[in-house]
Amino acid sequence: MCAQIIEGKKISDLIRGEMITETASLKAKGIVPGLAVVLVGEDPASKVYVGSKEKACQQLGFYSEVHRLSAETSEEQLLAVIDRLNNQSTINGILVQLPLPKHINEKAVIDAIRVEKDVDGFHPESVGNLVIGDDSLLPCTPAGVIELIKRSGSDISGKHAVVIGRSNIVGKPVAMLLLRENATVTICHSRTANMEEIAKQADILVVAIGKTKAIDSRFVKPGAIVIDVGINRLPDGKLAGDVDYEDCLETAGSITPVPGGVGPMTITMLMKNTITAAKRANGIKE
């Protein structure tokens, strides 16, 4: 039996439709969600991402600013831009596109963004709030993973979730969010012994290791939900995930494709965080 395909694009469009309505209702109260994106340098992939974020702001009716800075911009100059945006009332969310040029300290830049405007969910205070279960703006890709699972009709509570990967951007926060949804969570990584055996116990398998097609059907429990966070470029220019999609189709119960799975959700969740930040800035309860 072939797995159900979890279509990130479809789910993302559905959420954006809800957000268009919510933005219109905020605008009726005189509140316009505002997002500022800061791009340093000419990284081609970063330029594409920033363009997508601009387009999403237009689609949803947000106020948006894009600050394009040269690769020679100093850390001090970048921090001055962030400081200005921190104090700008029309901006509810600030995103500095990573990676940054090597002479700029990423941690110093992330730490400089006010936690209430940290729509990427990377600030140490946001991470701490996520771990202890306090209100915070959630990291976008992990939050998108949870939405994909829920909106494809699956319940997370009581399930055994295995996360392969322990990065600060995906692996660790997605494990925390799965715990928050009452899953029992195991994290695997490059030093895990018997990874295949552990992965095969998962009702929900989330893979984020950055290695093309590293996980095949031997790691998948029949009927499991498989979420592939990886995006890898093949020699022919096509994209592939960390999961061998074709090989797992017959074993998984449901699976995300690459492209078209987790990818579309990341920017959508960024926009959702911006709306949340705008509501909180104006004293509107969730």
Next on the checklist: Let me spell it out: the conditions are (1) surrounded by 14 or more Cβ atoms within 10 Å (Cβ to Cβ); (2) in a loop (DSSP other than H, G, I, E, B); (3) of a type in the set (Gly, Ala, Ser); (4) modelled with pLDDT of 95 or more, and Ala143 meets all of them except one. Which number is the exception?
Outcome noted: (2)
Checklist entry - Would you pick out the residues in the range 1-58 that are of a type in the set (Lys, Arg), closer than 29 Å to Ile255 by Cβ and in contact (Cβ under 8 Å) with a residue 12 or more places away in the chain? => result Lys9, Arg16, Lys53
Next on the checklist: Are there helices (runs of 4 or more DSSP H) fully within the range 1-110 with at least 2 residues that are of a type in the set (Asp, Glu) and under 25 Å from Lys279 (Cα atoms)? List them.
Outcome noted: 8-28
Checklist entry - Within the set of pairs 6+ apart or on separate chains, which have a first residue in the range 139-166 that is basic (Lys, Arg), a second that is in a strand (DSSP E or B), and C-beta atoms under 6 Å apart? => result Lys159/Ile204; Arg166/Ile187
Item to check | Scan of the range 243-271 for residues that are under 12 Å from the mean Cα position of the chain (by Cα) and β-branched (Val, Ile, Thr), ordered by number | outcome: Val262, Thr266, Ile267, Thr268
Item to check | Residue in the range 237-265 that is nearest to Ile209 (Cα to Cα), counting only those that are in a loop (DSSP other than H, G, I, E, B) and among the acidic types (Asp, Glu) | outcome: Asp242
Next on the checklist: Just to verify a result, which residue in the range 70-92, among those that are out of contact with any helix residue (DSSP H, G or I) (no Cβ under 9 Å at 6 or more places or on another chain) and of a type in the set (Asp, Glu), is farthest from Arg280 (Cα to Cα)?
Outcome noted: Glu72
Next on the checklist: For the range 181-236, give me every one of the strands (runs of 3 or more DSSP E) that falls completely inside it and has 3 or more residues that are in contact (Cβ under 8 Å) with a residue 40 or more places away in the chain.
Outcome noted: 204-207, 225-228
Item to check | Criterion: of a type in the set (A, V, I, L, M), surrounded by fewer than 17 Cβ atoms within 10 Å (Cβ to Cβ) and farther than 30 Å from Thr256 by Cα - qualifying residue of Ala45, Ala24 | outcome: Ala24
Checklist entry - within 25 Å of Gly34 (Cβ to Cβ) and part of a loop (DSSP other than H, G, I, E, B) - does that describe any residue in the range 149-159? => result no
Checklist outcome for this item: Taking the range 131-140 and keeping only residues that are surrounded by fewer than 23 Cβ atoms within 10 Å (Cβ to Cβ) and either of a type in the set (A, V, I, L, M) or part of a helix (DSSP H, G or I) (or both), one is left with Val131, Ile132
Checklist outcome for this item: Of the residues in the range 193-245, those that are in contact with an Asp or Glu (Cβ under 9 Å, 6 or more places away or on another chain), surrounded by fewer than 16 Cβ atoms within 10 Å (Cβ to Cβ) and of a type in the set (A, V, I, L, M, F, W, C) come to none
Item to check | Residue satisfying condition, being under 16 Å from the mean Cα position of the chain (by Cα), at negative phi and at pLDDT 95 or above, within set Thr274, Thr192 | outcome: Thr274
Checklist entry - Of (1) in a loop (DSSP other than H, G, I, E, B); (2) crowded, with 23+ Cβ neighbours inside 10 Å; (3) hydrophobic (A, V, I, L, M, F, W, C), Leu270 satisfies all except one. Which? => result (1)
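The values are calculated or read from the model by the stated rules, or taken from the named source; none is laboratory data. As the structure is a computational prediction, the values presented were derived from the model and not from experiment. Counting neighbours? That spans all protein chains shown, and the Cβs are built from the backbone with ideal geometry, glycine included.
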